[in-house]
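Data first, discussion second: the structure below is written as structure tokens.
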Amino acid sequence: MSTEGSRERFRVDRSGRRPAWRIACRTLGELLVTAGLVLLLFVAYELWWTGLTTRHDQHKLVAALRQEWARGVTVKDPPVGSALAILRIPRLGRTFMFAVVQGTSTADLIEGPGHYPGTAMPGQLGNFAIAGHRTTYLHPFYDINELQVGDPIVIQTRTTWFTYRVQNIPGTTARHEEIVSPDDVAVAYPVPDQPDPGKPPTLRVLTLTSCNPRYSAAQRIVVHALLVGRQPTSEGPPPALAGERLRGL
Amino acid sequence: MYAWIWRRLPGGIAAKTLSAIVLVAGLVVFLFLVVFPWLGPKLPFSHPTVHGRTAGAASMSTRLGPAVRSAPTMPEWIAPNSA
């Protein structure tokens, strides 16, 4: 048959070897399929594996923080990469709990939500600003866009529970939720969106930043909250957490 | 390419299959532990921080640290001229 004959003609040349162009085509095809599989693996790495490593880091950070608290010493200037507080946001899940690390470098944010160094500490006058991943590394702020005015954000330190509530920041243009460009550092000023960062702050603000939209870093999504309550840890969890299942307490 | 590798694996079908699995597993481990952790932060998927225009997302980490240590009250990145 003629088709059989032509197939034979392509399969081997006179020396009994496959023609070079066939080998080249097949190798190219194999490399492309391999590249596709590697890309799929990379997606699995980003969306799943990074969460596993962050979960592991979080367990270690929470354990270290509890040890530190048990020793009864508050570290005034926590080293970069160490945990400084526990963050709970009931709107993001009844068991939502993350140790906040000091620092916002790539390496810090792999461990969990990171506190912008130089911004206020929990409960202080000024802006306690935290960055967190949206889609990778256990995606702490995946549903940050779900936060509504009035939602509590609770920060636990060694001595104190701080309750912030999501809202517009009075006296500024800062809305409770903003979509900004990645270089809009004004959201983390001591007074958010206040052009003069040297002006002394009079409010106790909490700011969360994350990527926007999901799976992109084209913009930043920002949520602002104001301190509305504080109580010593000896008094137990604040009313904002009433009825919540408090993991790791 | 894969046929070429397959022919060079030693032993019978069983031994070839076993070594092929080991090779693939080794490659996946290498990707997950070395290549992807290096590659991930370089891609524009996941940069949750705000930072000055002068600092790239990747260089932010190195810039922020020293700036904060030298000036704890007013870090470089938060200065108005970087906004």
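Here are the numbers for this structure:
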read-out	value
Answer from A:T50, A:T95, A:T74 - the residue that is within 14 Å of chain B (Cβ to nearest Cβ) and either part of a helix (DSSP H, G or I) or touching a residue at least 24 places away in the same chain (Cβ under 8 Å) (or both)	A:T50
Unmet criterion (only one of (1) facing chain B (nearest Cβ under 7 Å); (2) over 25 Å from the mean Cα position of the chain (by Cα)) for A:G171	(1)
Some residue of region A:15-31 being among the β-branched types (V, I, T) and at pLDDT 65 or above	yes
The lone exception for A:S210 - which of (1) among the hydroxyl-bearing types (S, T, Y); (2) assigned to a loop (DSSP other than H, G, I, E, B); (3) buried (at least 18 other Cβ atoms within 10 Å of the Cβ) it fails	(2)
Single residue of region A:53-71 satisfying the filter (within 14 Å of chain B (Cβ to nearest Cβ) and not polar (S, T, N, Q)) that is surrounded by the fewest Cβ atoms within 10 Å (Cβ to Cβ)	A:H56
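Table: residues versus (1) at pLDDT 95 or above; (2) β-branched (V, I, T); (3) outside any helix (DSSP H, G or I).
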| residue | (1), (2), (3) |
| --- | --- |
| B:R7 | no, no, no |
| B:A25 | yes, no, no |
| B:H51 | no, no, yes |
| B:R63 | no, no, no |
| B:R69 | no, no, no |
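The values are calculated or read from the model by the stated rules, or taken from the named source; none is laboratory data. Predicted model, so just to flag it, every value in this text is computed and none were measured. Methodologically, a virtual Cβ is constructed for each residue, glycine included, from the backbone with ideal geometry; neighbour enumeration extends over all protein chains shown.
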